[in-house]
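Single-structure report; data block below.
Just so it is clear, none of the values below were taken in a lab; they were calculated from the coordinates. Here the structure is a predicted model, which means the values were calculated and not measured. All Cβ positions, glycine included, derive from the backbone under ideal geometry; neighbour counts span all protein chains shown.
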Amino acid sequence: MAAPSGPSLSPSRAADFKTCPLLFRFRTVDKLPETPSADQVRGTLIHAVLERLFDLPAADRTPEAAAALVAPEWEKLVAQEPELASLFAAEPPVAAGPSGSPAARSAGTQTDPATDGGVSDPATDGELSNPAAGGRLSDPAAGGQSGPAAGGQLSDPAAGGQSGPAAGGQLSDPAAGGQSGPAAGGQQSPAAGGGLMRDPAAVAAEADATGQAALVDVPSGAAEAARIAAFLSGARDLLAGYFAVEDPRRLEPAERESLISTMIGDELLLRGYIDRLDVSPAGDLRVVDYKTGGAPRQAFEGRALFQLKFYALVLWRTRGVVPRALRLLYLKDAEALDYSPEAGELERFERTLLALSQAIERAKRDRDFRPKPSRLCGWCSHQSLCPEFGGTPPPYPETAAITDLTSGAEPDRVATLLRDDPLG
């Protein structure tokens with residue numbers, strides 16, 4: 001496909017704008033650097049190992065083979081990004097900010113900050129329960145039962161709902177002059193609690209990724225090597241979670257780490273990478289996304305579902321087939337959740353993305369990207385520049401190439417170091 005000349009979106013950047021227009025600006029307009037956490041890098045490592053695992057003959061795809069891939073894949077990552085080794089030179093930070101602050105209190109009460117407010121999307125907003133998906137989904141691509149995947153059904157009551165722009169409802173656009181989300185609903189900003197803050201779950205995830213609990217008695221001179229060893233050991237533990245939910249010896253993915261793209265509305269280019277695409281002998285499609293991070297699922301599952309529906313829409317428009325299943329594999333919990341989209345639902349989702357793109361273009365034109373405080377603030381690395389925390393954004397770029405995907409660029413591939421970030 002030719003380089004985009006008009007608006008374009010990847011699932012991550014579309015979700016950024018829904019989450020917080022100012023976060024979208026920092027990442028897409030200002031292109032501010034972000035240092036990945038150990039938890040995020042561990043996700044990148046696991047993705048690389050699982051991709052390489054399927055290069056092996058089916059009979060050789062064992063837990064031992066996967067574990068043996070961890071160290072060499074880590075060495076490859078460090079060779080590509082030498083600064084990754086510095087992540088383990090110091091202890092992870094402890095939680096900052098008063099636990100009684102409004103932001104901390106909201107962290108325990110908000111149901112889905114990833115989709116609350118902003119552009120209302122009936123395909124992703126609300127609680128995740130989907131009677132339409134009903135029942136246990138078998139594994140057409142593997143030729144049998146999906147095993148522990150039946151342990152949870154990814155829900156979406158909005159699959160048949162009528163709200164938001166996709167169903168003719170009101171488009172709430174905080175970037176275009178309207179207030180939405182906690183900031184407009186009487187929720188105090190995190191700054192009101194005094195200073196910056198980190199979500200305790202983010203701190204816990206970082207400590208888990210670096211094995212802090214096992215390093216209490218390690219001499220200071222050996223701490224860095226011990227952290228790296230604990231990091232690699234934790235990655236192997238996550239791979240055990242993968243084998244608890246799938247048997248890769250029974251799978252032959254059609255595509256892995258595949259770039260897919262399509263045009264919608266004759267104006268908007270959608271592009272993104274899918275972790276894995278399975279195709280059954282009957283032609284049924286299943287999109288699989290690996291989740292390895294320590295983010296609380298109840299808070300961030302809506303954003304993950306948004307991403308999968310993005311992929312389902314692109315596949316439907318390019319191949320004429322609605323994926324039978326969208327699968328989230330939670331390696332930390334050793335659980336798989338399946339969701340079955342429908343054509344009408346994806347049509348509504350398409351209208352949502354077109355409305356979202358229009359809101360983004362309006363924000364660019366007006367240079368108006370407003371912060372939307374939520375629990376996700378505790379995972380954001382740009383708090384020092386955010387007005388909600390007393391910061392000031394950098395001057396707006398005068399000559400920036402303000403498109404999600406610059407000419408000839410591929411979406412979110414370099415940014416895979418952030419792939420399991422709730423904000424990534």
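Computed quantities for the displayed model
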{"read-out": "Residues of type lysines that LYS18 reaches as a straight line, Cα spacing below 28 Å, ignoring anything fewer than 8 places off in the same chain", "value": "LYS31, LYS291, LYS309, LYS332, LYS364, LYS372"}
{"read-out": "Shape of the stretch 222-288, Cα gyration tensor, a/c cut at 1.5", "value": "oblate"}
{"read-out": "FRET E, pair GLN80, ALA254, Förster distance 25 Å, beta-carbon r, rounded to 0.05", "value": "0.40"}
{"read-out": "Rounded, prolate or oblate (a/c below 1.5 giving rounded, otherwise prolate when a/b exceeds b/c) for the stretch 305-394 by Cα gyration tensor", "value": "oblate"}
{"read-out": "FRET efficiency for MET263 and THR35, using Cβ-Cβ distance with R0 set to 45 Å, rounded to 0.05", "value": "0.85"}
